[in-house]
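First comes the structure, then the notes that go with it.
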Amino acid sequence: MDAAKGQYIHFLPTVKELLEQGGVLVTDNVLRGGDILETHYAVERRNRTIHKRMREYLYALTHDGQLATTVLLDGDGIAVSVKK
């Protein structure tokens, strides 16, 4: 997935439906240059909504019982999820 970063959380349910068992979802730019690892208050005000949504997306990926997810720290971050 490489789309509007603030919309990833909204795309996830449809993507999960489309994935077959063993299917792989690769999500680009999940760490946004490390900003996602920062506290909400350290992020510029104009970026706080996307920050919040990306954190929600990462939480959803890593806590979803149907997905096994690893986040790679390379570049802006890549999440690799496999449907169980």
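The values are calculated or read from the model by the stated rules, or taken from the named source; none is laboratory data. What you are looking at is a predicted structure, and each value in this text was computed from that prediction instead of being measured. Counting neighbours? That spans all protein chains shown, and the Cβs are built from the backbone with ideal geometry, glycine included. Keep in mind that these areas ignore ligands, DNA and RNA; they rest on the heavy atoms of the full protein, side chains included. Shrake-Rupley method; radii C 1.70, N 1.55, O 1.52, S 1.80 Å.
Observations on the model:
- Those residues of the stretch 26-56 which are open to solvent by less than 30 Å² (accessible area, probe 1.4 Å) and at pLDDT 90 or above, in sequence order: THR27
- Among the residues of the stretch 57-79, those identified as surrounded by 15 or more Cβ atoms within 10 Å (Cβ to Cβ) and not aromatic (Phe, Trp, Tyr) are LEU58, ALA60, LEU61, ASP64, LEU67, THR69, VAL71, ASP76, GLY77, ILE78, ALA79.
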